[in-house]
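Worksheet: one structure, shown below.
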């Protein structure tokens, strides 16, 4: 049996705690009375994955069984989540591979021969052939990719987009033409966190900028109080309106999977445990890893982390009508990740790991670090944020101005030009977004290379808008001061220094909470 999430109050017996800081981690001693929120222990994996997949496809929720929806002569499209989830990437075989293979087997048995597969990457970068192969597996890749039947969605290919219509609030719904004109669209999702899945899959993953601009904007993000609760997220409200409108025009068979918290393989297994539970072997592993990281060249250190493949276990799979499926999916995610917490704190401390959704096989630049900390981690709550309004957030990360020119070309200009003039998300959006979204060079790189869309850094900045509106101080520990100043924040050398700096905002004796992740967790703050 797994244990629920654990909330610890630091006393004089508490050992130093692990804090992630990019491509490394430190052991930090927190002040007495600090509240430490640990993720729940990992749930057991389903014992028979193939049987679980078959059960979901043959006995779906609020839908006919998948074989009953398949027939000769039909046009079938299978869309799937791209490499932005799960994090870290899953050890082969990826669960999407196993689900897609099962769907294709049923399609072949039904005589369906018009089948295409599309990665739902929206305005994310195009995946490489090897990255696609890792997700779908060798057999599917070999059968479809060389024939041009397995590909990345292109949100700028006007000839292959279909404007389906407008929602009742005037939001454009424009998605991939092949998907929109299919007799059946099967969507294969990995629900790593509660923000994923549901109507966030098709209307966002297969959309164009024309659609995405309605909810990926600063005003919507500021009003989205918790991205992990779609009932309170204005972004999700817009996506749900789009999804419901789409369902009137397109038959969608949604397949959602949930994973346990088996994130770190050996020799990083000690990161999955609470520090006072470390064995002698765990302590030795920790010392060996820290020693190795301290002497490894930057390139080697980068590979040490980005080559990790997580041994996730499947905890659930549901298929059928999108909203009915997603309701069951969220229940499974909450069973693994939800932690009850009493009350807010004056200060919230978070370590930012080496990996986020948008730097897989890449670098974590300052904008992505901000998105990870103030966007995703800050918003990993249900109810209310861990930190009170007007409080302070302390983050750990080097925040180096290190940009991957292949993947993030528009980020460089956003950092150098846009943030130099203003860090206010509303000002940034009004003055610069259209220029970057329509820039021909950024569009060309997105379509022909492996670059994120020109507007993508704006979206990452908007993700942090709710946190920036909520708190009065953001301080980065161990960060490059120049980079942090460009972001509009402050830098400190140590936690003690950061708390001293924050005292001008929250007072001399603040209540402190440390969010101890990864693995993933969602706080339920009462």
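For the chain, find the longest principal axis of its Cα atoms and tell me its angle to the long axis of helix 322-337, 0 to 90°, nearest 10.
Helix 322-337 sits roughly 30 degrees off the main axis of the chain.
Show that you can apply the helix-only estimate: for the chain, add -39,500 (n - 2.57) for every DSSP H stretch of four or more residues, divide by all residues, and state [θ] at 222 nm to the nearest 500.
-9500 deg cm²/dmol
Determine the relative contact order of the chain: mean sequence separation of Cα pairs under 8 Å and six or more apart, normalised by residue count, in whole percent.
The normalised contact order for the chain reaches 21 percent.
Using the number of other C-beta atoms within 10 angstrom as an exposure proxy, rank 54, 279, 238, 84 with the fewest first.
With the fewest neighbours first, 54, 279, 238, 84 line up as 279, 54, 84, 238.
Helix 49-58 versus the longest principal axis of the chain: what is the Cα-based angle in degrees, 0 to 90, to the nearest 10?
Compared with the principal axis, the helix lies near 50 degrees.
Among 494, 257, 329, 220, what is the fewest-to-most ranking by other Cβ atoms within 10 Å?
Listed from fewest to most nearby Cβ atoms, that is 494, 220, 329, 257.
By average Cβ neighbour count within 10 Å, what is the ranking of 477-484, 31-38, 161-168 from highest down?
477-484, 31-38, 161-168
So what's the gap between the Cα centers of the stretch 248-269 and the stretch 209-234, to the nearest angstrom?
Between the Cα centre of the stretch 248-269 and that of the stretch 209-234, the gap is 22 Å.
Could you work out how far the C-alpha centroid of the stretch 122-161 sits from that of the stretch 500-526, in angstrom?
Value for the Cα centre distance between the two parts: 41 Å.
Taking only C-alpha pairs under 8 Å that are 6+ residues apart, what is the relative contact order of the stretch 49-259 in percent?
22
Rounded to the nearest 0.05, what FRET efficiency do residue 223 and residue 444 give with R0 = 41 Å and r taken as the Cβ-Cβ distance? Could you check?
Rounded to the nearest 0.05, the efficiency is 0.75.
Over the stretch 198-300, calculate the relative contact order: mean separation of alpha carbon pairs under 8 Å at least 6 apart, over the residue count, as a percent.
Answer for the stretch 198-300 is 19 percent.
Distance from the Cα centre of the stretch 419-462 to that of the stretch 291-358, in angstrom?
The stretch 419-462 and the stretch 291-358 have Cα centres separated by 27 Å.
Report, to the nearest 10°, how far helix 495-506 tilts away from the longest principal axis of the Cα atoms in the chain, using its own Cα long axis and a range of 0 to 90°.
Taking the Cα atoms of the chain, the angle to 495-506 is about 90 degrees.
Taking neighbour Cβ counts within 10 Å as the exposure measure, how do 225, 453 sort from fewest upward?
So the residues, fewest neighbours to most, are 225, 453.
No lab work stands behind these numbers, since they all come straight from the coordinates. For clarity, every value in this text was computed on a predicted model and none was experimentally measured. In this analysis, Cβ positions are derived from the backbone assuming ideal geometry, glycine residues included, and neighbour counts consider all displayed protein chains.
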